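Before I ask anything, let me first share the structure, which is written out below as structure tokens.
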Amino acid sequence: MKNFFYGILLAVTSLAGYSQHITETNTDSLYLKALDAYKNGQYQSSLDLTRRGLDLAPEYHDIRILEIRNYWALNNYAEADKNLEYLLKEAPEYIDTKPLALQRIGRFQDNQKAFQYLSRLDSLYPGDTSLKIQQAKLLLKMNRRKEAREIALKTIEASGISGANRYVLQTILNRTVSNEIGINYQFINFSKDYSRDKPWHTVSGEFQHNFNRTAVIGRVNYTDRAYDQGTLYELEAYPVFNDRMYAFTNIGFSDGTLFPDFRASASLFYNFAKIFEGEVGGRLLAFNDTNYLTGILGLTAYQGSFYLNIRIFLGPERMNKLVQNYQFNVRYYMRNADNYLFARLGSGISPDERAIFTQVQENPGLEAYYFNLGINKSIGIHHIFQLGGGYLFEDINAQAKGNQLVGFASYRYRF
């Protein structure tokens, strides 16, 4: 009996407290109480408070935005959309209206309906980069790659694109291509300080196919060094896990004369703080039944029209010497992801330099410095050309130094 009276007293007290909340006339107080209830997962209680607040002040936009979030939490999209329509009509420039509308797009189950909604937002906020990016992403999901590419190309060519948006747009552009074929040529000429009196020539051909979010590349590299020739066969992939993370993997085989018998590579890339991309990975090379491992760390910043990258290669260990390569890469994008000037400064030779890394095997403790300059240029949407050159200065032995003139050119066709 005693417990029964305690139960009645508790119920009456709760109802009195609830009634006091609902009869509150201070809209700021109502908003704070509703926000606290929302944070604690009490969505219905928070909704009752926001309703009361909007009865008192229909133009209190923060209360309406909280009401929308409560309806979302309760899966009542019809009522949420009514409130969102009010904001888009009466307060489209309010600071939280557009971000909230963008969040609504992600809650659509039907991509076509989401795209129609996004097109309406585009008419309200013409030229908004974030909306264009969302349009291109949705078109990709709908397998309308050509339209996605057109939007991304037009957007990335606009002035004032931030580094973070440029990064996202470049990722979209990479995913809008189904197939690519390419041919690359590299020429290395040695100074008279070397015993080599003839230049080296390396030619590679490759084919790329994009399987949804993963690009796969098959490549054949042939090198002629006057005294011998060699061929390296490679298979490469760039699986994309989400909008922030992707990977690079590579395996290669050769006859072991001028290229490694076997090579395996892997790196993981992660985008953070909008403009930065980190890399961690490794390379494994096998020469004559001996394995050599290289660790890799990298950091990239996308700042306006600039791509700024630092990479560090540590290893392998040869003749009690740790082979090290440090490089700084920069690109200046002139219009889009396919049109840029590039430069590289570095010390040491990385295992990614397929044509010349064998020199490290011969002289691991000797120093090398190099720089490359070049241009990447597209003509239309199908043709991409690259042309560049550079110098490499290195110790030939403990007493002599030499330099190498490097030239390279490539052509890619997208379809």
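The values are calculated or read from the model by the stated rules, or taken from the named source; none is laboratory data. Here the structure is a predicted model, which means the values were calculated and not measured. Cβ placement follows ideal geometry from the backbone for every residue including glycine, while neighbour counts extend to all protein chains displayed. Remember, those area values only see protein heavy atoms, side chains included, never the ligands or the DNA or RNA. Shrake-Rupley method; radii C 1.70, N 1.55, O 1.52, S 1.80 Å.
Somewhere in segment 243-253, is a residue open to solvent by less than 30 Å² (accessible area, probe 1.4 Å) and within 19 Å of T202 (Cβ to Cβ)?
Scanning segment 243-253, I find at least one residue that is open to solvent by less than 30 Å² (accessible area, probe 1.4 Å) and within 19 Å of T202 (Cβ to Cβ), so the answer is yes.
Which residues, counting only those in segment 363-410, are open to solvent by 60 Å² or more (accessible area, probe 1.4 Å) and acidic (D, E)?
If the condition is that a residue be open to solvent by 60 Å² or more (accessible area, probe 1.4 Å) and acidic (D, E), then E367 is the only one that fits.
Pick out, from segment 1-120, the helices (runs of 4 or more DSSP H) lying fully within it that include 3 or more residues that are of a type outside the set (D, E, K, R), modelled with pLDDT of 90 or more and over 32 Å from the mean Cα position of the chain (by Cα).
27-39, 43-56, 61-73, 77-90
Residue by residue through segment 214-239, note down the ones that are surrounded by fewer than 17 Cβ atoms within 10 Å (Cβ to Cβ) and either in contact (Cβ under 8 Å) with a residue 40 or more places away in the chain or among the acidic types (D, E) (or both).
Result: D224, D228.
Pull up segment 83-111, narrow it to residues that are surrounded by fewer than 13 Cβ atoms within 10 Å (Cβ to Cβ) and charged (D, E, K, R), then point me to the one that is farthest from Y125 (Cα to Cα).
The qualifying residue farthest from Y125 (Cα to Cα) is D110.
Still on this model: Tell me the residue from N242, N271 that is in a strand (DSSP E or B) and either out of contact with any strand residue (DSSP E or B) (no Cβ under 7 Å at 6 or more places or on another chain) or in contact (Cβ under 8 Å) with a residue 60 or more places away in the chain (or both), please.
Being in a strand (DSSP E or B) and either out of contact with any strand residue (DSSP E or B) (no Cβ under 7 Å at 6 or more places or on another chain) or in contact (Cβ under 8 Å) with a residue 60 or more places away in the chain (or both) holds for just one of N242, N271, which is N271.
With the checklist (1) open to solvent by less than 30 Å² (accessible area, probe 1.4 Å); (2) free of Cβ contacts under 8 Å to residues at least 12 places away in the same chain in hand, flag the one item D338 doesn't pass.
Status for D338: all satisfied but (2).
Going through A264, A301, A286 one at a time, which residue ends up being in contact with a Pro (Cβ under 7 Å, 6 or more places away or on another chain), surrounded by 14 or more Cβ atoms within 10 Å (Cβ to Cβ) and either more than 23 Å from F371 (Cβ to Cβ) or at pLDDT 95 or above (or both)?
After applying the criteria, what remains is A286.
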